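Undergrad: Got a structure here, written out as structure tokens. Questions coming.
The values are calculated or read from the model by the stated rules, or taken from the named source; none is laboratory data. Just so it is clear, the structure is predicted and the values come from calculations on it, not from any experiment. Heads up, the Cβs are rebuilt from the backbone with ideal geometry, glycines too, and the neighbour counts pull from every protein chain shown. Note: accessible area is taken over every heavy atom of the protein model, side chains too, but ligands, DNA and RNA are not part of it. Shrake-Rupley method; radii C 1.70, N 1.55, O 1.52, S 1.80 Å.
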Amino acid sequence: MTGWERFADSFLNARVAAEYLPKIVEGFGLTVVLALCIIAAGLTAGLALAVLRSLGVRPLNWLIIFAVDLFRALPPLVVIALLYFGLPAAGLSLSGFAAAWLALSLVLMAFSEEIFWAGITAVPKGQWEAARSTGLGFLPTLRLVVLPQALRITVPPLTNRTIAITKNTALASVVAVPEILGAAQAGVSFGFNPTPLTLGAAAYLVLFLPVVVLGRWVETRFAWKR
Amino acid sequence: MTWADFTLAFFSLDILRQAWPILLSGLVQTLLLSAMVVPLGLLGGVLLALLSTVRSPWVRWPLMAWVDVFRSLPPLVLLVFVYAGLPFAGLEVSPWGAVAIGFFLNTGAYYGEILRAGIESVPAGQVEAARSTGLSRGQAMAWVVLPQAVRNVLPDLISNTLEVVKLTSIASVVALPELLFQARQAQSVTFNATPIMAAAVAYFVLLWPVVRLLSRLENRQLAGRR
């Protein structure tokens, strides 16, 4: 066998690929579901915290800032490990999927709160005052006047952050979730051939390459050029 | 479960006393690891950013593809591919080697994107002025463009560096005895979550000042975009 043949037999083995492709496809579905659950929960919680913070209740804001700082400083894998391996000591067992979902949602919540909040504070005070003086209440002002302006400038950083954090779904393989990487690793150890890893890497490219290119486009499209 | 059970499971001083030396050795490894991968990623980033100033499409397009591919692959996937895949190609890599390769590819791509944006933010007149004083292209880049570029994207560079330091925790997956790995070891021996909790506290204490600094810089940046 030449070097190339040996390489192809290891990394691009058609027989192994055919055998493990269904598992990788299942993993792909699981990765997408996990990612969507994280995005939904993380962004909702982040926006909710930013809105709460705009109420200006001091002790509440300190709490929010602390939570945000906490989940920005902790590595996501440490949070997952704490939830998955730590909570059982408290008599509470989470499945790997639930632990990964909760941990990454908390991380996305922290990062998105920070971005939403920066967006809200970037809206000039005069906008608040003008809206309130027309008789709008606090929440309608926030919803109809401030947030639409705030969200526009948050789109580029929010898109990039969300992409970066959804890629962390691969960390769920550490807590035995058979998403793409988990399925691929299982394939490697059963088949004793790294082709499933090649498939897995390809699956991530199929999933994230369009998203990364989209992020690039969003960055230029929404750039605040004056 | 009572409060006493809870503190016993998560904040046991007894366990902490036992696990202390191994946690400390993990912390040292994490710091060493960071001291290796941050310069390595920066090196890769500077190379990519310098290449991006070449106008030829033969350089531009492959470069863009390279950066987007390595930003699309989750770092853990890259790491597992290098660590578990390369031995099949006859290349045995140590955990440190695998982390070095994986981080060079992944963080290099991110630093590269940031530095490229920085270089593009420096007005062309700067290069022209520098060249007209007799500086060579290389000198103009090194002494005039890069310093301004770095200053313009400093918040992004710091933010990425924070992410890289947090990311070193994935080295635990390839059994590199850094902080999270040691904490997991101690947790599985003692059946107690205190070591992981202690690791989380260590990460937080280490990185909180950086998060605070960033939060200030980012707020200023976004507010300035109005």
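Undergrad: So, of the residues in the stretch B:190-208 that are at pLDDT 90 or above, open to solvent by 10 Å² or more (accessible area, probe 1.4 Å) and more than 9 Å from chain A (Cβ to nearest Cβ), which turns out to be nearest to B:R17 (Cα to Cα)?
TA: B:A198
Undergrad: A further question follows. Can you tell me how many residues in the stretch B:97-153 are farther than 30 Å from B:L86 by Cα and of a type in the set (A, V, I, L, M, F, W, C)? Please lay out each step first, then the result.
TA: So in the stretch B:97-153, the residues farther than 30 Å from B:L86 by Cα come out as B:115-153.
Restricting the remaining residues to those that are of a type in the set (A, V, I, L, M, F, W, C) gives B:115, B:117, B:119, B:122, B:124, B:127, B:129-130, B:135, B:140-146, B:149-150, B:153.
Number satisfying all stated conditions: 19.
Undergrad: Now a separate question. Could you pull out every one of the helices (runs of 4 or more DSSP H) wholly within the stretch B:1-101 that has 3 or more residues that are within 26 Å of A:F190 (Cα to Cα)? I'd like the intermediate steps shown before the answer.
TA: Details: elements: B:3-10, B:13-51, B:57-72, B:75-80.
Once the helices (runs of 4 or more DSSP H) in the stretch B:1-101 are filtered for at least 3 residues that are within 26 Å of A:F190 (Cα to Cα), what remains is B:75-80.
Undergrad: Taking the stretch A:206-225 as the search range and keeping residues that are facing chain B (nearest Cβ under 8 Å) and surrounded by fewer than 16 Cβ atoms within 10 Å (Cβ to Cβ), which one is modelled with the lowest pLDDT?
TA: Within the stretch A:206-225, the match that is modelled with the lowest pLDDT is A:W224.
Undergrad: Filter the stretch B:32-87 down to the residues that are open to solvent by 60 Å² or more (accessible area, probe 1.4 Å), closer than 25 Å to A:R216 by Cα and of a type in the set (F, W, Y) and list them by number.
TA: B:W58, B:W61, B:W66
Undergrad: Here is a list of conditions, (1) surrounded by 14 or more Cβ atoms within 10 Å (Cβ to Cβ); (2) over 17 Å from the mean Cα position of the chain (by Cα); (3) closer than 30 Å to A:E5 by Cβ, and B:G90 meets all of them except one; can you say which number that is?
TA: Of everything listed in (1) surrounded by 14 or more Cβ atoms within 10 Å (Cβ to Cβ); (2) over 17 Å from the mean Cα position of the chain (by Cα); (3) closer than 30 Å to A:E5 by Cβ, B:G90 misses just condition (1).
Undergrad: Go through (1) within 12 Å of chain B (Cβ to nearest Cβ); (2) in a helix (DSSP H, G or I); (3) not acidic (D, E) for A:L102 and report which single condition fails.
TA: Checking A:L102 against (1) within 12 Å of chain B (Cβ to nearest Cβ); (2) in a helix (DSSP H, G or I); (3) not acidic (D, E), the one that fails is (1).
Undergrad: Then there's this: Does A:V68 meet the test of being of a type in the set (V, I, T), in a helix (DSSP H, G or I), within 11 Å of another protein chain (Cβ to nearest Cβ) and free of Cβ contacts under 8 Å to residues at least 24 places away in the same chain?
TA: Details: of a type in the set (V, I, T): yes; in a helix (DSSP H, G or I): yes; within 11 Å of another protein chain (Cβ to nearest Cβ): yes; free of Cβ contacts under 8 Å to residues at least 24 places away in the same chain: no.
No.
Undergrad: Within the bounds of the stretch A:64-82, is there any residue that is touching a Cys at 6+ places or on another chain (Cβ under 9 Å) and open to solvent by 40 Å² or more (accessible area, probe 1.4 Å)?
TA: Looking only at the stretch A:64-82, we keep the residues that are touching a Cys at 6+ places or on another chain (Cβ under 9 Å), and these are none.
Scanning the stretch A:64-82 turns up no residue that is touching a Cys at 6+ places or on another chain (Cβ under 9 Å) and open to solvent by 40 Å² or more (accessible area, probe 1.4 Å).
Undergrad: When you scan the stretch A:90-108, do you find a residue that is free of Cβ contacts under 8 Å to residues at least 40 places away in the same chain and among the β-branched types (V, I, T), even just one?
TA: No, that holds for no residue.
Undergrad: Next question, about the same structure. Out of curiosity, is B:V165 farther than 25 Å from A:V68 by Cα and facing chain A (nearest Cβ under 9 Å)? Explain how you work it out, then say what you get.
TA: Values: farther than 25 Å from A:V68 by Cα: no; facing chain A (nearest Cβ under 9 Å): yes.
When the stated conditions are applied, B:V165 does not pass them.
Undergrad: For the stretch A:1-34, which positions are open to solvent by less than 90 Å² (accessible area, probe 1.4 Å) and more than 24 Å from A:G96 (Cβ to Cβ)?
TA: A:T2, A:G3, A:F7, A:A8, A:D9, A:S10, A:F11, A:N13, A:A14, A:V16, A:A17, A:A18
Undergrad: What are the pairs with Cβ atoms under 9 angstrom where one residue, in the stretch A:149-167, is on the phi < 0 side of the Ramachandran plot and the other, located anywhere, is of a type in the set (K, R) and at pLDDT 90 or above? Sequence gap at least six, or different chains.
TA: Listed by first residue and then by second, the contacts come to A:I163/B:R71; A:A164/B:R71; A:K167/B:R71.
Undergrad: B:V189 fails exactly one of the following numbered conditions: (1) in a helix (DSSP H, G or I); (2) touching a residue at least 12 places away in the same chain (Cβ under 8 Å); (3) among the aliphatic types (A, V, I, L, M). What is the number of that condition?
TA: Single failed check for B:V189: (2).
Undergrad: Oh, and also: Out of the stretch A:190-205, which residues are open to solvent by 10 Å² or more (accessible area, probe 1.4 Å) and facing chain B (nearest Cβ under 9 Å)?
TA: A:F192, A:N193, A:T198, A:A201, A:L205
Undergrad: Continuing with this model, one more query. I need every pair where a residue in the stretch B:124-144 that is touching a residue at least 60 places away in the same chain (Cβ under 8 Å) has its Cβ under 9 Å from the Cβ of a residue that is in a helix (DSSP H, G or I), sequence separation at least 6 or different chains.
TA: Listed by first residue and then by second, the contacts come to B:M141/B:L50; B:M141/B:I119; B:M141/B:V127; B:M141/B:A130.
Undergrad: Follow-up question, since we're still on this one. Tell me the residue from A:G86, A:G91, A:G119, A:G137 that is within 14 Å of chain B (Cβ to nearest Cβ) and open to solvent by 20 Å² or more (accessible area, probe 1.4 Å), please. Steps first, please.
TA: Details: A:G86 fails: open to solvent by 20 Å² or more (accessible area, probe 1.4 Å); A:G119 fails: open to solvent by 20 Å² or more (accessible area, probe 1.4 Å); A:G137 fails: within 14 Å of chain B (Cβ to nearest Cβ).
Being within 14 Å of chain B (Cβ to nearest Cβ) and open to solvent by 20 Å² or more (accessible area, probe 1.4 Å) holds for just one of A:G86, A:G91, A:G119, A:G137, which is A:G91.
Undergrad: Any residue at all in the stretch A:103-116 that's aromatic (F, W, Y) and open to solvent by less than 60 Å² (accessible area, probe 1.4 Å)? Write out each step before concluding.
TA: Here is the first cut: in the stretch A:103-116, the residues aromatic (F, W, Y) are A:111, A:116.
Going one step further and asking which of them are open to solvent by less than 60 Å² (accessible area, probe 1.4 Å), we end up with A:111, A:116.
Yes, the conditions are met somewhere in the stretch A:103-116.
Undergrad: For the subset of the stretch A:146-162 comprising residues that are aliphatic (A, V, I, L, M) and either closer than 19 Å to A:V206 by Cα or open to solvent by 30 Å² or more (accessible area, probe 1.4 Å) (or both), which member is farthest from the chain's Cα centre (by Cα)?
TA: Residues of the stretch A:146-162 that are aliphatic (A, V, I, L, M), as a first pass: A:146-147, A:150-151, A:153, A:155, A:158.
With either closer than 19 Å to A:V206 by Cα or open to solvent by 30 Å² or more (accessible area, probe 1.4 Å) (or both) added as a condition, the list becomes A:151, A:155.
On the way: A:L151: 18, A:V155: 15 Å.
My answer is A:L151.
Undergrad: Identify, please: which residue in the stretch A:163-189 is more than 9 Å from chain B (Cβ to nearest Cβ), hydrophobic (A, V, I, L, M, F, W, C) and part of a helix (DSSP H, G or I) and is, among those, most open to solvent (accessible area, probe 1.4 Å)?
TA: A:A186
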